[in-house]
1. Pairs Lys62/Lys217; Lys57/Lys88; Lys30/Lys187; Lys88/Lys187; Lys62/Lys178; Lys20/Lys57: which are spaced more than 29 Å apart, C-alpha to C-alpha?
2. Give the shape of the stretch 88-161 as rounded, prolate or oblate, defined through the alpha-carbon gyration tensor: a ≥ b ≥ c are the square roots of its eigenvalues, a/c under 1.5 means rounded, and otherwise the shape is prolate if a/b is larger than b/c and oblate if not.
3. Carbon and sulfur together cover what percent of the accessible area of the chain at a 1.4 Å probe radius?
4. Using only Cα atoms, what is the ratio of the radius of gyration of the chain to 2.2 N^0.38 Å?
5. Nearest-5 percent of antiparallel DSSP beta bridges in the chain?
6. Find how many whole Å separate the alpha carbon centroid of the stretch 38-115 from the alpha carbon centroid of the stretch 143-162.
7. Please report, in Å, the Rg and the Dmax of the stretch 35-114, where both are computed over Cα atoms only.
8. About the Cα centre of the stretch 107-191, what is the dipole size in debye to 20, counting +1 per Lys and Arg Cβ and -1 per Asp and Glu Cβ, all else neutral?
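The values are calculated or read from the model by the stated rules, or taken from the named source; none is laboratory data. This one's a predicted model, so the numbers in the text were calculated from it and none came from an experiment. Don't worry about glycine lacking a Cβ; one is built from the backbone with ideal geometry, like all the others, and counts go over all protein chains shown. Protein only, heavy atoms only, side chains kept; ligands, DNA and RNA dropped before computing areas. Shrake-Rupley method; radii C 1.70, N 1.55, O 1.52, S 1.80 Å.
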Amino acid sequence: MDRCSIDHTKLPTEGESCDKFMMNNSTPSKKLLQELHLRQALDEECLQVHSIEVMHKEAREKIDGCALGVVFPRSLIQYCMCGLWKDKQISFFFRGNLKPKRVWVTEYENQTDAIVEHSDGRNVRKKSGVYDYEYYDKLSSARIALAPEGDFHWTYRFLEAVMCGAIPVVQRIGEEEKGYHVCERGKECLFIDDENARQQATWQNWNVFVKRHTLMK
């Protein structure tokens, strides 16, 4: 069946399983994850374009000359959307390589119900051909996600946290974080102890994310 004849526009509702949005198979690629996200998003929205340009350092992309932020594909957003109403069993979550700029995440290791996992990196689509759904499941089960900087100030972890219904903790608020509800390292944060405020903030964050980082209509 032609992919464009299938209705991909429906978003999951509370109580509905998001597992049906999982990718069953794909091919590993040496391309930037940012480009893989963008190409998949174009495919899922059935958009034909003449040119794309990925500017990784700037966290920007161009489609036929039109500038956009980092774009995420609809199917991954649909899968992670269950995190907006999921029962949150994890207080703080991080998984990744502890580069020097990320060492501060260890300050949260001893928090009750926290998961701070040190690894050589995350098994993302670029390496395996499919997304690391176990990672996204944990992120969706977290109330707060630690989002340290990577090679540049912006980071996938910040956007993934918002997409999966977790409030990000950042070391400083830059241009990419403006407009979102976040926690800053070392400062009091309302969303850690006030569950109602956290839930409202996650929905507001998600709506900002969809406007800035998707091709969804």
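1. Table pairs above 29 Å Cα-Cα are Lys57/Lys88; Lys30/Lys187; Lys20/Lys57.
2. Working: a/c = 1.71, a/b = 1.14, b/c = 1.50.
Oblate is the answer for the stretch 88-161, as a/c is 1.5 or above yet b/c matches or exceeds a/b.
3. That share works out to 48 percent.
4. Working: Rg = 16.8 Å, N = 217, 2.2 N^0.38 = 17.0 Å.
Normalised by 2.2 N^0.38 Å, the Cα Rg of the chain equals 0.99.
5. 40 percent
6. One Cα centre to the other: 8 Å.
7. Just the Cα atoms of the stretch 35-114 yield Rg and Dmax of 17.5, 51 Å.
8. It works out to roughly 200 debye.
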